[in-house]
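Peer 1: Can you keep this structure in mind? I'll have questions shortly.
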Number of protein chains: 2
Amino acid sequence: MTPLRLVIFEDNNDFRESLLHLFRFTPDVEVVAAYPDCSGVRNAVAQWKPEVVLMDIDMPGTNGIEATAAVKEVSPTTQVVMLTVSEEEDRIFQALRNGATGYLLKKSGPDELVESVRLVHKGGSPMSPAIARKVLQFFHLNLPAPQAAAVTHKALETDDDDALATGLTPREQEILEALVDGLSYKMIAAKHFISTDTVKNHIQGIYRKLHVNSKGEAISYALKKGLAGNR
Amino acid sequence: MTPLRLVIFEDNNDFRESLLHLFRFTPDVEVVAAYPDCSGVRNAVAQWKPEVVLMDIDMPGTNGIEATAAVKEVSPTTQVVMLTVSEEEDRIFQALRNGATGYLLKKSGPDELVESVRLVHKGGSPMSPAIARKVLQFFHLNLPAPQAAAVTHKALETDDDDALATGLTPREQEILEALVDGLSYKMIAAKHFISTDTVKNHIQGIYRKLHVNSKGEAISYALKKGLAGNR
DNA sequence: CAGGGTGTACCGCTTTTGTGGTACACCCTG
DNA sequence: CAGGGTGTACCACAAAAGCGGTACACCCTG
């Protein structure tokens with residue numbers, strides 16, 4: 001197995017050297033480059049094509065958050081793990097929004113760092129528990145939690161605009177909105193806490209009512225007729 | 001310091017015994033009770049007032065998800081850590097929504113389990129990386145990323161016309177128009193007298209330049225940004 | 001003329017969509 | 001209470017889309 005290519009962005013010389021030293025004893029991870037600033041992120045990523053990037057969040061010049069966006073832009077499959085000393089919420093969310101998939105406090109031990117690099121490459125999201133808590137809190141705020149099943153909205157009452165005009169049920173309308181956002185069945189299922197099969201059912205209903213038979217047509221039709229995407 | 005009170009709900013006898021054994025050697029954690037089912041969650045929590053609960057998610061009768069809601073109802077300050085073998089998204093989100101603050105796969109090692117109990121009590125959210133990744137994905141779905149300032153303002157952005165602005169070649173622009181009309185690869189191929197494979201090539205180019213990876217996203221992006229659709 | 005960008009085409013492979021069923025548990029309304 | 005509409009879920013199968021290659025022939029432009 002070829003080792004995993006890692007690129008490091010860390011302005012603190014000591015810490016950067018520590019990292020280099022650490023990974024020197026990690027056969028399955030090869031640090032192909034380490035930079036003290038992010039001025040050349042794009043080139044660096046384009047050149048090295050790293051599987052994983054360790055990105056300090058506080059750096060002079062281009063900071064780690066902006067740099068993360070740049071990394072994902074140049075190489076969407078590269079996984080970015082943020083390194084930070086602080087736990088500021090804004091920073092966390094900005095970084096995650098920009099595509100970071102790991103978020104570690106610098107006080108994490110060496111083993112944890114190494115393991116995190118491996119994990120993020122295997123599709124995980126290593127995250128210090130303190131960070132995870134903040135993400136969860138945010139999660140709760142934005143999900144007013146319609147507790148388990150049994151919701152029964154008799155209300156809601158989509159006021160007769162789109163729904164009646166097209167004959168779409170409220171649920172179908174929601175699914176259509178998701179389609180228009182370019183989401184896959186899986187994503188829609190996750191978003192609405194239902195199975196992908198149920199998503200299929202609803203979509204079949206939408207296709208029948210809109211007289212289309214593919215996602216592309218449905219999206220096109222919905223956007224052009226203004227049935228969705230009006231937010 | 002008085003030890004931290006822990007209550008365990010786990011139907012598998014062997015695993016429950018393992019947990020008991022594990023925490024017997026953990027002075028700062030005292031397992032005050034362990035149950036094979038959740039029939040008496042409310043009473044148990046009311047009686048023991050545990051700081052932390054370890055909750056198996058798959059249990060006969062009342063499952064761990066419902067039980068979690070019950071725990072938080074009786075004792076909001078009690079921290080609940082879910083234990084599970086599967087990584088089903090529904091389960092994860094339902095549990096987190098119901099107030100769980102930790103989420104571990106059962107394959108986690110003993111040390112990790114013990115440390116997680118301590119961490120959740122200290123305000124963290126221990127979470128297996130695989131779980132964290134799913135939470136982040138959901139996070140992304142519901143936060144359509146306002147794209148915090150990327151680094152390249154100079155690079156692109158010559159506002160001549162659509163093609164230059166996006167870097168799409170004329171041919172790609174044509175194909176994008178066809179996509180937006182809801183056409184399939186076959187139909188596009190027929191329309192332009194080229195093979196479906198060539199259509200694929202062009203579409204791959206479009207996806208790369210628009211930073212999307214499905215027809216749905218491409219259509220959505222194009223219509224919303226006015227790259228196509230000749231409004 | 002070498003090299004880059006473009007447009008064309010083919011290959012194999014995995015994942016996602018689409019189609020057509022069945023099923024059940026809720027409403028609500030006649 | 002029977003029946004329709006809705007929302008949920010599962011199954012199996014076929015078609016479409018997506019991903020990663022390779023290849024070659026243009027047409028520029030340095």
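Every number here is computed from the coordinates shown, using simple stated rules; none is lab data. Just so we're clear, the structure is a prediction, and the values are computed from it rather than from any experiment. When we count neighbours, we look across all protein chains shown, and the Cβ atoms used for this are built from the backbone with ideal geometry, even at glycine.
Peer 1: How far is B:E73 from the same spot in each other copy, in nm, shortest first, if each label point sits 7 Å from Cα toward Cβ?
Peer 2: Ordered by increasing distance: 5.0 nm.
Peer 1: Spelling out what I want: for every residue of the stretch B:74-84, take phi, set θ = phi - 60°, compute 6.51 cos²θ - 1.76 cosθ + 1.60 (Karplus), and round to whole Hz; glycine and proline get x.
Peer 2: Result, rounded to whole Hz: 6, 9, x, 7, 5, 8, 10, 10, 7, 10, 8.
Peer 1: On to the next question. When chain A is modelled as a GNM with alpha-carbon springs shorter than 10 Å, which of A:T68, A:T26, A:T169 fluctuates the most?
Peer 2: A:T169
Peer 1: Then there's this: Can you list, shortest first and in nm, the gaps between the label point of B:H211 and those of its counterparts in the other copies, using a point 7 Å from Cα in the C-beta direction?
Peer 2: 3.9
Peer 1: Considering only Cα-Cα distances, which of the following residue pairs are longer than 20 Å: B:K191/B:K215; A:K215/B:K224; A:K200/A:K225?
Peer 2: Exceeds cut-off: A:K200/A:K225.
Peer 1: Is there a quick way to get the dipole size of the protein assembly as shown? I mean about its Cα centre, with the Cβ of Lys and Arg at +1 and of Asp and Glu at -1; what is the value in debye to the nearest 20?
Peer 2: Dipole magnitude for the protein assembly as shown comes out near 740 debye.
Peer 1: Now for a different question. Towards the positive end of the charge dipole of chain A, with charges on Cβ (+1 Lys, Arg; -1 Asp, Glu), say which of A:H211, A:A69, A:S116 has the farthest Cα.
Peer 2: A:H211
Peer 1: Oh, and also: Can you list, shortest first in nanometers, how far A:G40 lies from the same residue in the other copies, with each label 7 Å from Cα toward Cβ?
Peer 2: Spacings between copies for this position, smallest first, are 6.8 nm.
Peer 1: Please list 3J(HN,Hα) in residue order for the stretch A:203-216, calculated via the Karplus relation 6.51 cos²θ - 1.76 cosθ + 1.60 where θ = phi - 60°; whole Hz, with x for glycine and proline.
Peer 2: 5, 4, x, 4, 4, 4, 6, 8, 6, 10, 8, 7, 4, x
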